[in-house]
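Participant: Have a look at this one.
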Amino acid sequence: MWWSLWWVWLVAAILLAILEVVAPAQIFLGFAIGAAGVGLALLLGIPGLGGSAPAMLLLFAVVSLVAWLVIRRAVGVREGQVKVFEHDINDD
């Protein structure tokens, strides 16, 4: 099937990376890295993946989560990104 083709995963990784540029939220980049990881694993012929959709989806999920955690740790939340209001204009 199509999910066992390495180039499909790499095309998905490129599309997700482009989506990250259009809508920067740091989550699509993690998914792009996960898709690229599965594509490279299929290209290199890692045993255990050969056409098994559950194994590929599990690898995609694990690599995406690890990539997102590393990106979040490296970039983090910028100071002042979240606005917190402690005074209401209706208060005296």
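Bear in mind that the values in this text are calculations on the coordinates, not laboratory data. None of these values were measured; they are calculated from a predicted model. Note that we place each Cβ from the backbone using ideal geometry, even for glycine, and neighbour counts take in every protein chain shown.
Participant: Taking Cα atoms, how many degrees apart are the long axis of helix 53-75 and the longest axis of the chain, rounded to 10 and kept between 0 and 90?
Facilitator: 40 degrees
Participant: OK, next. Let me check against my output: what whole-number percent is the relative contact order of the chain, with C-alpha pairs under 8 Å and at least 6 apart?
Facilitator: So the answer I get is 29 percent.
Participant: Using DSSP to define loop residues, name the chymotrypsin sites (Phe, Trp or Tyr not before Pro) in the chain whose beta-carbon has at most 11 other beta-carbon atoms within 10 Å.
Facilitator: Phe85
Participant: Follow-up question, since we're still on this one. As I understand it, the value is the acute angle between the Cα axis of helix 28-44 and the longest principal axis of the Cα atoms of the chain; what does it come to in degrees, rounded to 10?
Facilitator: 10 degrees
Participant: Using only the alpha-carbon atoms, how far is helix 6-22 inclined from the longest principal axis of the chain? Give it as 0 to 90 degrees, nearest 10.
Facilitator: Helix 6-22 sits roughly 20 degrees off the main axis of the chain.
Participant: Of the residues Ala61, Ala25, Ala12, which exhibits the maximal mean-square fluctuation in a Gaussian network model of the chain defined by a 10 Å Cα contact cut-off?
Facilitator: Ala25
Participant: Which value, in debye to the nearest 20, describes the size of the charge dipole of the chain about its Cα centre when Lys and Arg Cβ atoms bear +1, Asp and Glu Cβ atoms bear -1, and nothing else is charged?
Facilitator: 620 debye
Participant: Let me ask something else. Within the range 3-92, report the GluC sites (Glu not before Pro) that DSSP leaves as loop and that have at most 10 other Cβ atoms within 10 Å.
Facilitator: Sites meeting the loop and neighbour criteria: Glu79, Glu86.
Participant: Over all distinct alpha-carbon pairs, what is the Kirkwood Rh of the chain in angstrom? Display every interim value, and only then the final one.
Facilitator: Working: mean 1/r = 0.0670 Å⁻¹.
The Cα-based Kirkwood calculation yields 14.9 Å.
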